[in-house]
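K.L.:
Quick one: this structure, given as structure tokens, is what I'll be asking you about.
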Amino acid sequence: MHERERHRIILSAVQEKPVVTIQDISELTEASEATIRRDIAALHVQGKIRRVRGGAESIHPPQLGNLAGRPFRVSESVNIDKKRAIARKAAELCNPGDAIIINGGTTTFQLVHYISAFRLQVMTNSFAIAEHLVKHSKNTVTVPGGAIYREQSLILSPFDNDTTRNFYARRMFLGAQGVGPLGIMEADGLLIQSEQKLMRQADELIVMVDSSKFRQRSSLILCPLEQVTTIITDDGISAETVRMIEGAGVSLIIANVSAEAEEEDSPSVA
């Protein structure tokens, strides 16, 4: 990851919570702690953040009222090659004219690059996904009513009387905070409430998560693993995790990240 991108992630992370640790940022960027210390020092000199022992803090306090979890712009470029490979596999499950639901998230966002020509009927609670599809595709786009949470780029409502119950989909594509034996995990109660409403409107639940999500945990369970139809992940998944998924009766699709990246980079033939 380039220095400019690491700096962008650090600046966004300190707006999420008052203090972020060097270890937190190292995990986000997959850079060494020594590299992150140099980045923090540089941003401190530029007056963009304040260096503290073991990490950094924002010069301006973070906004209140945000959802739990990382902001969209923080997570967007993390494991981007894995997310693109996963999204490409997910797009192969779509046929022109299908009705689908896409939940907000940085992995599911990558789907927009592969379904632009499908003329799908799409419902999404992601402001970023809706905006991109409206501008760059012929898909029909529906969004539920609710408030826009800028940091996560989500449209959420605590009320049942929105457009969600009037939309039926063959499949729902869903990201997650973490995946474990107990099920699919998320970090925020309001987000879970919104996702569960959407899940009731689809026949199949397709979970799109990179392999790092099997090592992450959260205190909130969205649904049991057995409720998932298919999990799409990358080839960094462990044999133990494969056994867990197959033991729950869930179909597994593994994207070969290096092969997908080579295909992405190769010129198309007209």
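K.L.:
Which of the residues that make up segment 1-29 are in a loop (DSSP other than H, G, I, E, B) and touching a residue at least 40 places away in the same chain (Cβ under 8 Å)? Quick ask: steps written out before the conclusion?
P.N.:
Of the residues in segment 1-29, the ones in a loop (DSSP other than H, G, I, E, B) are 1-2, 17-18.
Those that are in a loop (DSSP other than H, G, I, E, B) and touching a residue at least 40 places away in the same chain (Cβ under 8 Å): 1, 17, 18.
K.L.:
Condition (residue is under 18 Å from residue 172 (Cα atoms), open to solvent by 20 Å² or more (accessible area, probe 1.4 Å) and in contact with a strand residue (DSSP E or B) (Cβ under 7 Å, 6 or more places away or on another chain)) applied to segment 241-251: is it met by at least one residue?
P.N.:
Checked segment 241-251: at least one residue is under 18 Å from residue 172 (Cα atoms), open to solvent by 20 Å² or more (accessible area, probe 1.4 Å) and in contact with a strand residue (DSSP E or B) (Cβ under 7 Å, 6 or more places away or on another chain).
K.L.:
Before we move on, is residue 115 assigned by the TED database to the domain that holds residue 213, open to solvent by less than 10 Å² (accessible area, probe 1.4 Å), in contact with a Leu (Cβ under 7 Å, 6 or more places away or on another chain) and aliphatic (A, V, I, L, M)?
P.N.:
Considered against the rule, which asks whether it is assigned by the TED database to the domain that holds residue 213, open to solvent by less than 10 Å² (accessible area, probe 1.4 Å), in contact with a Leu (Cβ under 7 Å, 6 or more places away or on another chain) and aliphatic (A, V, I, L, M), residue 115 comes out as no.
K.L.:
Can I ask one more? If you take just the strands (runs of 3 or more DSSP E) that sit entirely in segment 74-190, which of them hold at least 3 residues that are in contact (Cβ under 8 Å) with a residue 60 or more places away in the chain? Lay out the reasoning, then the answer.
P.N.:
Working: elements: 99-102, 121-124, 140-142, 147-149, 154-156, 169-174, 178-180, 183-186.
Where strands (runs of 3 or more DSSP E) fall fully within segment 74-190 and carry at least 3 residues being in contact (Cβ under 8 Å) with a residue 60 or more places away in the chain, they are 99-102, 169-174.
The values are calculated or read from the model by the stated rules, or taken from the named source; none is laboratory data. Note that this is a predicted model, so its numbers are computed, not measured. Please note: Cβ atoms are built from the backbone with ideal geometry, for glycine as well, and neighbour counts cover all protein chains shown. Note: accessible area is taken over every heavy atom of the protein model, side chains too, but ligands, DNA and RNA are not part of it. Shrake-Rupley method; radii C 1.70, N 1.55, O 1.52, S 1.80 Å.
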